[in-house]
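Read the structure below first, then the notes.
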Amino acid sequence: MEYHFSDNVSSLKPSAIREILKYTSVPGYIPFAAGNPAPEAIPSEAVAKIAEEIMASSPIEALQYSVTEGYTPLRDYLKSYLLKKHSIGKDFDNLIITSGAQQAISLTAMVLCNVGDSVICEDPSFIGSLNAFRAFGLNLVGVKNETDGMNIEALEKALKETKNARFIYTIPTFQNPSGTSMSLEKRKAVYALAKKYGVMILEDNPYSDTRFAGEELPTIKSFDEDGIVIYAGTFSKVISPGLRVGYCLAPAEVISKMTVCKQTADVHSGILNQMICHKFMTETDYESHLDRNRKIYREKCSLMTKLLDEKLSKWLKYEKPDGGLFIWCQLPENTDMPAFCKAAVDNKVAVVPGNAFSVDTSYIGNCIRLNYSTPTDEQIITGMELLSKTAEEFFK
């Protein structure tokens, strides 16, 4: 049978990251292309104990249908937690639990945009979000991401010139893939421009709780007095990605529309998983858990950057991140970056080609993304040796 797919789906290509991740599950390959939390950062024993307690005390509540907006105790606790920790959540806001932050991103596009509308994005940006926007038939307008965030002059130019721009998508803290963080000045400027030009902001913040150095910066949502910021968060990087529990804090009118759209997708996110997250936040020392994870990432990042400096400084340039899971490396100009990535794979090191994150799918560039959270320390050491060998052979 000949299958006829929708125009939007037909234009989508497999994620380069997912294709390269195939190698990370093959024994002997070094998984620098991954993006998972460190296995030792996942509180598996605590989660197992909590799940057992829930199934002993509230099995039907955990296994039955529930409300689309999410498990009420978790929603209520998150509202107070976000207000206390990030100063976000005005009287006009509401919160919905989503199946990871990825669903919050998709729901934003679903409720705000028509086919042919535009989204203004950092360039490069998270491929999962870019593909979600493409799947809805949206036009992506890239704004160069600098070491301190989006280029503000280019952002205003894009807002002036782009027809039907519906929202600005940004990952201001430990951006994926670059690892950079937007300065306070630029955060305020992005908010001011969104207000000036009558567009919303989707602030994606999965990594802020991984900060292991530097000064905490306020979220863009904390400036929101006008109901123009949608805030997406997740437990994927701090408890477990497999639980698929995220959340979205946004003006109540937006959340209401998201609720209707979510009902057509999955009815509600898994209640048992939401109950686990709630009990983990409220019945364990959550902040100590975050501090422990930060120590893990600080040490892993330090090990990788130390080896980058020792073994690859002739070829790779990078900015050391203060958190997150990634290091964005720049190869020499005019490098055949895809060929370099293939050479690395041939040497059993999986890295992500930087063009996988580009708004312009025809762009190649000369950057790669390395992940330090997934590999063990031994794999980081071995992987840096193999990557150095690759560079020596490739650039000779």
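The values are calculated or read from the model by the stated rules, or taken from the named source; none is laboratory data. For clarity, every value in this text was computed on a predicted model and none was experimentally measured. We place every Cβ from the backbone using ideal geometry, glycine too, and count neighbours over all the protein chains shown. When the accessible area is computed, the model is the full protein with side chains, heavy atoms only, and any ligands, DNA or RNA have been set aside. Shrake-Rupley method; radii C 1.70, N 1.55, O 1.52, S 1.80 Å.
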Find, to one decimal place in angstroms, the Kirkwood hydrodynamic radius of region 36-154, where the mean of 1/r is taken over every pair of different Cα atoms and then inverted. 18.0 Å
Going Cα to Cα from K342, which aspartates and glutamates come in below 19 Å? Please leave out same-chain ones fewer than 8 positions away. E19, E333, E385, E392, E393
Would you give the gap between the C-alpha center of region 322-396 and the C-alpha center of region 78-108, rounded to a whole Å? 34 Å
Would you mind checking which residues have amide H under 5 Å from C367's amide H? H placed 1.01 Å from N; only 5 or more apart, or other chain. L331, G354, N355
Along the Cα-to-C-beta direction of S288, a point sits 7 Å from the Cα; which residues of region 42-66 have their amide N less than 14 Å from that point? 46
A student applying the Cα gyration tensor rule (rounded when a/c is under 1.5; otherwise prolate if a/b is larger than b/c, oblate if not) would label region 126-214 oblate
Can you say what percent of the DSSP beta bridges in the chain, counting only those with both residues inside, are antiparallel? Round to 5. 50 percent
Can you compute the modelled spin-label distance between M1 and D91, with each label point 7 Å from Cα toward Cβ, in nm? 5.6 nm
So, with a 1.4 angstrom probe, what is the percent of accessible area on the chain that is carbon and sulfur? 52 percent
In a Gaussian network model of the chain with springs linking alpha carbons closer than 10 Å, the residue among G116, G100, G270 that fluctuates most is G116
Could you work out how far apart the two model spin labels at N131 and E40 are, taking each label as a point 7 Å from the Cα in the direction of the beta carbon, and quote it in nm? 3.1 nm
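How far, in nm, would the chain grow between D266 and T147 when pulled straight, counting 0.36 nm per residue and subtracting the alpha carbon separation? Intermediate values should be presented prior to the final figure.
Numbers: separation 119, 0.36 × 119 = 42.84 nm, distance 3.79 nm.
The D266-T147 span can extend by a further 39.0 nm.
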Note to self: with every protein chain in place and a 1.4 Å probe, region 85-244 gives an accessible area per residue in Å² of 34 Å²
Tell me, in nm to one decimal, what length is gained between K196 and K163 on full extension, where the rule is 0.36 nm per residue of separation less the Cα-Cα distance? 10.4 nm
Going 7 Å from the Cα of E333 toward and past its Cβ, which residues in region 340-371 have a backbone nitrogen under 17 Å from where you end up? 364-367
For region 139-155, Karplus-derived ³J(HN,Hα) couplings (6.51, -1.76, 1.60; θ = phi - 60°; whole Hz; x for glycine and proline) come out as 8, 9, 10, x, 10, 3, 9, 9, 5, 10, x, 4, 5, 5, 5, 5, 5
Calculate the FRET efficiency for V26 and K389 from the Cβ-Cβ distance with a Förster distance of 25 Å, rounded to the nearest 0.05. 0.85
Once each part is reduced to its C-alpha centroid, what is the distance from region 255-313 to region 140-197 in angstrom? 24 Å
Nearest 0.05, what FRET efficiency do T382 and D76 give at R0 = 45 Å with Cβ-Cβ as r? 0.45
Karplus couplings for region 200-212 from phi (6.51 cos²θ - 1.76 cosθ + 1.60, θ = phi - 60°), rounded to Hz, Gly and Pro as x? 8, 10, 9, 9, 9, 10, x, 10, 4, 6, 9, 4, 10
Hey, quick one: spin label on E319, modelled 7 Å out along Cα-Cβ, who in region 119-161 has an amide N within reach, i.e. under 17 Å? 122-126, 143-155
Counting only residues 5 or more places away or on other chains, whose amide H sits under 5 Å from the amide H of I201 once H atoms are built in the peptide plane? I168, V229, I230
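Helix-only estimate, please: 222 nm mean residue ellipticity of the chain, summing -39500 (n - 2.57) across DSSP H runs of length 4 or more and dividing by its residues, to the nearest 500.
-14000 deg cm²/dmol
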Subset of K85/K306; K186/K257; K314/K348; K188/K295 violating a 28 Å alpha-carbon distance limit: K85/K306; K186/K257; K188/K295
Residue by residue through region 259-266, the couplings from Karplus 6.51 cos²θ - 1.76 cosθ + 1.60 with θ = phi - 60°, in Hz, x for Gly and Pro, are 4, 4, 5, 5, 4, 7, 9, 9
